[in-house]
Each structure stands twice: as structure tokens, then as C-alpha cells.
Amino acid sequence: MKKLYYLVMIASMSLAGVNSFAEPLTGVSDEDVMTVLKNSFSPVGDVTLDRLEQSPEQKACSQMAATGQPIPKEVTERLLKQAMASVKPPADKQFLGDWKVGEKIAQSGVGLQFSDKPGVASGGNCYACHQMTKSEIAFGNIGPSLLNYGKSRGNAAQMLEYTWNKIYNSHAYTACSNMPRFGSAGILTEQQIKDVMALLFDPASPVNNE
Ligand code: HEC
């Protein structure tokens, strides 16, 4: 990303009304921006400054957003492959844990924030982006509804594997995914991923049973 873009809004008194256009901001390098960012934050508790470093996917996707140029096909393919290579299947090959624990993880937005007690177990905050159960009416919709996920898709080995991979590293299927990389970024443990998997697939889970 050689140039930063900023939006200039000019309100004019003329009949033309409001004009808006994007202009490249010249003379400011990526390094300048990183220096400002690094000087603006300090590490607190579990939160270190390495999260200011973009992953290869974030870099490519930010560049696409800034320039409007699509990511070249071969770059996308490489990014998807790299993301998939970071996925670790469950060591005991058991994909499903306890849906009741999974529901608590899906509800919890705790973890990895400067205000959290260091070492506290993170939640998945799944409801922030997904509808999952009928009884929870406070949910976000950046992601698709996961209501009846297991009921509508079944629990064939391929479906379990796809869902595990997606939760572990969402970029393995969508290079510019907005979903956190719960396994690869160390947000959830293997056991916690099993528990949210059970929330999605267990026939007794409220996801499939309300
Ligand atoms: C910040 C938003 C966000 C959070 C938090 C989030 N997701 Fe997602 N999720 C998405 C988006 C967006 C998609 C659509 C595909 C994509 O862009 O990657 C998605 C897709 C999925 C899919 C694939 C759905 C399909 O139709 O195949 C599953 C499964 C899923 N999420 C599970 C979860 C679980 C479980 C959690 C919590 C541990 C979670 N997500 C947290 C944004 C989020």
C-alpha cells in the first residue's frame, strides 16, 4: 500500500450541493503510518503491539480496499492455501464437545482486550456476528444466520471438517473474511472449538432444537 486514500467531503453552497471524491494522500508512507500507530499504543496485560502487524491476508485485503484493484487470482490461491495449512485437526479426531459449554463461549466477548485480566480464557463472541438460537434475540448480522446449522446440513465427516476448518481459520475459504481466526490466532483452545462445534451440530443444542 504505497498511498493512503482519504475521503474529502466538500459542502458547496452551489446548486450542485455536496461533492465527495477520494484523493490520494501523498508524502505519507506505510512506515510513517506504522510509526504513528506504534507510538499511539502501549502494551497492556495480554495485549501486545504485535497485533498492529497485518497478516498476509489483511495486507492483501487492505490493499484491495484502498486501491479498488482485485487481488490477483494466484495471490488469492496462495493465501487460501497458507490459511488452510495453519489449521490443526483435533488430535483425537473428535470434532464435538459439550454444547452447553459452547453456548457460553458463543455468548462471551471476554478475552484479548486491554481491560481483561491477563490469562483469562477468551470467548468466541459468535453472537456478535451470527444469529444462532431463537431465544437469543441480541445478535449481529455481519455473518449469516447459523440457526438450525446441524439440522439443515447433517453431520457427515466432510461437513464437520469444513466447519472445524472455518472456525479454526476462516481465511482458509474466504481470503478477505471478517471472521476471527479462532484457532490460528490462538483465540480459542482446541477444546473450546469442539464445544462451539457441538453447539452447531448436537441435535439437543438450542441451535437445532428451538
Ligand atoms: C466479526 C464477525 C464474526 C464473528 C465474531 C464470528 N463469525 Fe462466523 N462468520 C462471519 C462471516 C462474515 C461469515 C461468512 C463467511 C466469511 O466471510 O468468512 C462467517 C461464517 C461462519 C460459518 C460458515 C457458515 C456457512 O454458511 O458455511 C460458520 C460455521 C461460522 N461463521 C461460525 C462461527 C462461530 C462458531 C463463531 C464463534 C466462535 C463465529 N462464527 C464468530 C463473521 C463472524
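Below, the figures for the structure above:
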item	result
Filter result (surrounded by 12 or more Cβ atoms within 10 Å (Cβ to Cβ) and under 23 Å from GLN191 (Cβ atoms)) within the stretch 60-93	ALA83, MET84, SER86, VAL87, LYS88, PRO89, PRO90
Test: residue in the stretch 144-153 that is more than 21 Å from the chain's Cα centre (by Cα), open to solvent by 20 Å² or more (accessible area, probe 1.4 Å) and on the phi > 0 side of the Ramachandran plot	yes
Single condition GLU57 does not satisfy, out of (1) farther than 18 Å from ILE187 by Cα; (2) open to solvent by less than 50 Å² (accessible area, probe 1.4 Å)	(1)
Residue within the stretch 29-41 that is surrounded by 10 or more Cβ atoms within 10 Å (Cβ to Cβ) and modelled with pLDDT under 85 present	yes
Hits in the stretch 94-136 (condition: among the aliphatic types (A, V, I, L, M) and under 17 Å from THR189 (Cα atoms))	LEU96, VAL101, ILE105, ALA106, VAL110, LEU112, VAL120, ALA121
Selection count, the stretch 165-207, where residues are in a helix (DSSP H, G or I) and either near the ligand (Cβ under 9 Å from one of its atoms) or more than 27 Å from ASP116 (Cα to Cα) (or both)	13
Where MET132 falls short, out of the listed (1) open to solvent by 50 Å² or more (accessible area, probe 1.4 Å); (2) near the ligand (Cβ under 9 Å from one of its atoms); (3) assigned to a loop (DSSP other than H, G, I, E, B)	(1)
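To keep it simple, each residue is scored yes or no on (1) in contact with a strand residue (DSSP E or B) (Cβ under 9 Å, 6 or more places away or on another chain); (2) under 23 Å from ALA175 (Cα atoms); (3) part of a loop (DSSP other than H, G, I, E, B); (4) of a type outside the set (Asp, Glu).
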residue	(1), (2), (3), (4)
LEU80	no, yes, no, yes
ALA91	no, no, yes, yes
VAL101	no, no, no, yes
ILE105	no, no, no, yes
GLY119	no, no, yes, yes
SER122	no, no, yes, yes
TYR127	no, yes, no, yes
GLU136	no, no, yes, no
GLY143	no, yes, yes, yes
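The values are calculated or read from the model by the stated rules, or taken from the named source; none is laboratory data. None of these values were measured; they are calculated from a predicted model. Methodologically, a virtual Cβ is constructed for each residue, glycine included, from the backbone with ideal geometry; neighbour enumeration extends over all protein chains shown. Just so you know, the surface numbers come from the protein's heavy atoms only, side chains and all, with ligands and any DNA or RNA stripped out. Shrake-Rupley method; radii C 1.70, N 1.55, O 1.52, S 1.80 Å.
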